[in-house]
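Here is the structure we will look at.
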């Protein structure tokens, strides 16, 4: 493996980690603290849940891509 390929794998891994962390923190903040403090209706909690689900699906797709990149580099 080349150094550039290793850096690309590491960068993609960091990106995935940031997406997961930001999604989780944003979801918790909006669902548990900001939404109730603003008096938002329960249907907005469902909207926040779907937004978090979309973020986690995006992260899962990227994890699969990272896994495939690592598998291809080992061949």
**Request:** From (1) surrounded by 15 or more Cβ atoms within 10 Å (Cβ to Cβ); (2) in contact with a helix residue (DSSP H, G or I) (Cβ under 7 Å, 6 or more places away or on another chain); (3) at pLDDT below 95, pick out the condition that doesn't hold for residue 63.
**Result:** (3)
**Request:** Tell me, please, whether a residue that is within 30 Å of residue 2 (Cβ to Cβ) and either outside any helix (DSSP H, G or I) or more than 13 Å from the chain's Cα centre (by Cα) (or both) can be found in the stretch 46-65.
**Result:** yes
**Prompt:** Considering the stretch 1-32 alone, what residues qualify as being closer than 15 Å to residue 66 by Cα and either in a loop (DSSP other than H, G, I, E, B) or in contact with a strand residue (DSSP E or B) (Cβ under 7 Å, 6 or more places away or on another chain) (or both)?
**Reply:** 1
**Request:** Consider residue 71 carefully, then state whether it is touching a residue at least 40 places away in the same chain (Cβ under 8 Å), assigned to a helix (DSSP H, G or I), out of contact with any helix residue (DSSP H, G or I) (no Cβ under 7 Å at 6 or more places or on another chain) and loosely packed, with under 14 Cβ neighbours inside 10 Å.
**Result:** no
**Item:** Any hit, the stretch 33-44, residues being under 12 Å from the mean Cα position of the chain (by Cα), at negative phi and assigned to a helix (DSSP H, G or I)
**Value:** no
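The values are calculated or read from the model by the stated rules, or taken from the named source; none is laboratory data. Keep in mind that what you see is a predicted model, and the values were worked out from it rather than measured. Neighbour counts are summed over all protein chains in view; Cβ atoms, including those assigned to glycine, are modelled from backbone coordinates with ideal geometry.
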